[in-house]
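The values are calculated or read from the model by the stated rules, or taken from the named source; none is laboratory data. What you are looking at is a predicted structure, and each value in this text was computed from that prediction instead of being measured. For neighbour counting, all protein chains shown are included, and Cβ atoms are generated from backbone atoms with ideal geometry for every residue, glycine included. Accessible surface is based on the protein model in full, side chains and every heavy atom, while ligands, DNA and RNA are left aside. Shrake-Rupley method; radii C 1.70, N 1.55, O 1.52, S 1.80 Å.
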Amino acid sequence: MLATQASARSRKLVGLSLRKSSLKIFCSSGFAIRKFVTSNAETNRFLIYWNSQITKYGREGNIKEAESLFSSMPMKNTVTHTAMLSAYAQNGLLKKARQVFDDMPERTVASWNAMITAYIRSKFGIDEGFRLFLQMPERNLVSYAAMIMGFMNSGRFHEAESLYSQTPVHIRDPACSNVLVNGYLKVGKFEKANQIFHQMDKKDVVSWSSMVDGYCKHGRVSVARELFDLMSERNEVTWSAMINGYMKMGNFEDGLDMFLKMRREGLVSIEPTIVTIILEACGRFDRYKEGCQVHGLVLHLGFNFDVYLGNSVITMYSRFGCLDAARSVFDSMLQKDIITWNSLIAGYVQARSLEEAHKLFERAPEKDVVSWTTMITGYSDKGLTESCVNLFNLMPVKDDISWTALISAFVNNGEYEEAICWFIHMLYNAVRPNGLTLSAVFSASAGLALLNQGRQVHSHVIKRNMESDLAVQNSLVSMYSKCGNVDCAYEIFCSITLPNIVSFNSMITGFAQNGYGKEALSLFDQTLDKGLEPTEITFLGVLSACAHVGLVEEGTNFFSSMRTLYHIEPGPDHYACMVDLLGRAGLLERAISLINSMPFEPHSGVWGALLSASRIHLCLDLAKLAAEKISELEPNNSAPYVVLSDMYGFAGNKADEEHVRMAKKLKGIKKSPGCSWISVKNSVNVFLSGDGSHKSFQEIRDILWTVLDDMKEVYWMDNYGFST
């Protein structure tokens with residue numbers, strides 16, 4: 001079979017070579033070809049072939065071949081000039097494209113459209129494109145649609161709307177209307193898009209699919225599904241948009257049901273793009289069984305030679321932790337691209353097999369920024385920030401992504417000051433930070449509780465004109481919340497034009513962490529009103545808010561609704577919030593019952609919440625149970641010993657109090673000293689309980705004694721009418 005395939009490929013290559021050679025021979029002899037064409041009256045057939053070759057060369061980026069063929073052609077028509085014009089435009093040679101356009105002996109509407117499209121696709125050519133549009137002797141559907149698209153993509157909505165209103169009614173629907181709808185949906189202007197959509201006299205499958213895709217991309221899956229169910233005809237785009245919409249919102253079951261429904265109906269062919277969405281979702285949601293079945297479908301449909309799908313399968317098995325299966329797919333692939341290598345390297349990094357990842361990294365025939373960045377992430381996960389720096393310094397080319405990876409490595413390992421130093425270093429090297437870079441720096445500022453530092457980075461954002469970047473806005477909300485400045489956080493949240501679920505999550509969590517429980521719950525209601533689907537993080541914020549305000553029944557209802565209404569399985573942190581909520585309210589029996597019903601082993605956070613509640617309500621039995629569980633999970637954690645000894649002391653049980661303290665001492669467990677810090681003149685001053693190592697310790701001590709003496713003076717004067 002392989003031999004047959006090789007033979008077929010050889011014949012194909014020979015055929016292509018012969019056709020190419022013949023083309024050059026014919027084109028090099030103008031007289032011969034004129035004679036041949038004239039005698040056989042096949043001018044059109046040859047022109048069509050030559051024109052298609054110019055178009056082909058242009059798409060492949062082989063502009064010299066296109067130029068050579070164009071200049072050697074003994075005869076040309078309008079299509080020839082248009083093909084050459086488009087070839088130049090596709091390769092960014094706008095001036096040469098315009099030269100061909102100006103030199104054309106005659107032009108058709110298609111020629112004008114090609115030149116206008118070339119200007120529209122260039123960064124600053126929209127005005128010149130519009131000037132040409134106004135000069136056109138006649139216009140068709142493509143002319144109007146291209147120009148409207150140009151205005152929409154440039155954010156010039158008023159001009160797009162004006163031109164749309166001038167478009168002849170008989171050619172407006174559906175193409176021009178679809179362009180306008182798509183443009184509005186991209187920027188989240190749903191009301192405008194809806195208005196145009198419902199005004200359309202003619203709607204095609206593209207119209208409906210655009211609406212479905214637009215709503216899905218902005219997280220409004222339920223609205224998208226309502227439109228989807230109304231459609232009489234659906235295509236691959238509609239199905240993939242709907243399936244992807246469910247998967248992105250974490251609704252795996254609904255997404256998979258949609259995929260199975262598509263297969264049952266059988267009206268749409270299964271494309272690699274749709275299969276890739278399912279593979280990615282299987283890996284993300286740890287659905288091993290379904291993932292293996294979809295891999296089997298890939299083999300059954302003959303997609304196993306598709307490099308793109310092969311890469312998705314490797315990524316899926318890597319997420320399952322099945323590195324042997326991922327490696328098997330990798331080794332079986334006849335063709336590999338750089339993404340293939342990066343996918344398996346990332347798999348080893350995720351499995352913390354750094355040695356295997358490094359071996360593969362060294363073997364890779366070529367490396368890009370992703371390859372290097374993945375390895376930096378791997379070292380970061382192991383806490384080896386020094387190795388991250390060494391690898392970063394070896395990189396031949398460093399872009400904003402690689403800088404972000406290094407800064408994030410320091411943030412993830414709690415080295416916040418280093419992260420900020422490298423950010424400053426990045427700016428000195430004239431590398432423009434992206435939204436993720438700034439998010440990492442804001443996390444560092446929040447980690448150090450340096451509000452002033454965060455404000456300085458915020459001012460940098462404004463100078464760089466990045467304050468409208470949604471990722472940056474969300475990070476700002478989170479940073480100000482963590483630094484305790486909820487007013488600023490809420491002000492920024494309110495300034496977001498199109499807040500997504502991450503925006504709402506950041507603000508809900510910010511309110512909850514700072515004790516604004518009612519505000520957090522009110523914002524959750526707004527989330528639902530906006531048609532956004534809540535996520536696991538949303539419910540963490542909501543449950544935490546309920547705990548702060550003591551809303552037991554409301555919190556219980558929210559917890560239950562995660563499964564019943566939103567198909568979200570509660571995780572360990574959600575259970576910890578519920579135990580905290582019940583514990584604060586004194587419902588310790590319900591708390592322990594909830595812990596016993598958990599479908600997985602509770603982590604230390606769950607037992608910590610129970611320990612805290614037991615301390616508040618002086619329940620020694622449950623405190624002992626929680627303390628034992630925490631000690632098993634975290635043997636070096638001093639909290640259970642401290643809490644138990646305090647509770648025994650409060651109960652007057654000196655013997656058990658001393659016993660717990662002795663056990664702590666014998667195991668060599670030390671309580672972390674109390675710590676506080678302040679920032680003075682861009683310098684962070686850290687103070688530990690019982691530590692006198694600060695350089696200004698004696699001066700600070702003297703001032704504190706002076707303040708204490710002054711306080712005594714005030715006390716004696718207020719209470720006894722004289723000073724000491």
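Values computed for the structure shown
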read-out	value
Shape of region 86-221, Cα gyration tensor, a/c cut at 1.5	prolate
About the Cα centre, charge dipole magnitude for region 229-281 (Lys/Arg +1, Asp/Glu -1 at Cβ), debye	60 debye
Sum of side-chain charges, residue 372 neighbourhood, beta-carbon under 14 Å (Lys, Arg +1; Asp, Glu -1)	-3
Accessible-area composition of the chain, carbon plus sulfur, in percent [1.4 Å probe]	54 percent
Under the Karplus curve 6.51 cos²θ - 1.76 cosθ + 1.60, θ = phi - 60°, whole-Hz ³J(HN,Hα) for region 461-477, x wherever Gly or Pro sits	4, 5, 4, 7, 6, 10, 5, 8, 5, 4, 4, 5, 4, 4, 5, 5, 4
Sequence-separation-based contact order of the chain, relative, with Cα cut under 8 Å and 6+ spacing, percent	4 percent
Three semi-axes of the equivalent ellipsoid, region 605-657, Cα gyration tensor, whole Å, largest first	18, 12, 8
Cα-based shape type of region 171-268, given that a ≥ b ≥ c are square roots of the gyration tensor eigenvalues and the cut on a/c is 1.5	oblate
Karplus-derived HN-Hα couplings along region 703-712 (A = 6.51, B = -1.76, C = 1.60, θ = phi - 60°), whole Hz, x at Gly and Pro	5, 4, 5, 5, 4, 5, 4, 4, 5, 4
Selected from 428, 141, 405, residue furthest toward positive end of dipole (the chain; charges at beta carbon)	141
Entries of 186/248; 189/261; 202/261 with Cα pairs more than 23 Å apart	189/261; 202/261
Relative packing of 68-77, 426-435, which averages over residues the other C-beta atoms within 10 Å, highest first	68-77, 426-435
Helix 272-284 vs. the chain, principal-axis angle (Cα, 0 to 90°, nearest 10)	10 degrees
Whole-angstrom gap from region 277-353 to region 150-187, using each part's C-alpha centre	41 Å
Furthest towards positive pole of dipole, 395, 49, 266, structure part the chain, Cβ charges	49
Inter-centroid distance (Cα atoms) of region 100-143 relative to region 255-272, Å	41 Å
Debye-sum result for the chain in log10 I(q)/I(0), which assumes one identical scatterer on each alpha carbon, at q = 0.05 Å⁻¹	-0.38
Size of charge dipole - region 330-428 - debye, nearest 20, with Cβ of Lys, Arg +1 and Asp, Glu -1, no other charges	180 debye
Sorted peptide list for 236-247, 93-104, criterion being average Cβ within 10 angstrom, highest first	236-247, 93-104
The chain - charge dipole about Cα centre, Lys and Arg +1 at Cβ, Asp and Glu -1, debye rounded to 20	3100 debye
Principal-axis tilt of helix 501-513 within the chain, Cα atoms, nearest 10 degrees	10 degrees
Karplus-derived HN-Hα couplings along region 343-353 (A = 6.51, B = -1.76, C = 1.60, θ = phi - 60°), whole Hz, x at Gly and Pro	4, 6, 4, 4, x, 5, 5, 4, 7, 6, 8
Sequence-separation-based contact order of region 194-326, relative, with Cα cut under 8 Å and 6+ spacing, percent	17 percent
Region 44-116: radius of gyration over Cα atoms, expressed as a fraction of 2.2 N^0.38 Å	0.97
Angle in degrees between helix 572-584 and the longest Cα principal axis of the chain, rounded to the nearest 10	30 degrees
Rg/Rg_globular for region 345-497, with Rg_globular taken as 2.2 N^0.38 Å and Rg from C-alpha atoms	1.11
Environment charge of residue 623, counting only residues whose C-beta is closer than 12 Å and scoring Lys/Arg +1, Asp/Glu -1	-1
When region 459-499 is reduced to its Cα atoms, the Kirkwood hydrodynamic radius in Å	10.2 Å
Residues of type lysines that residue 665 reaches as a straight line, Cα spacing below 22 Å, ignoring anything fewer than 8 places off in the same chain	624, 629, 654
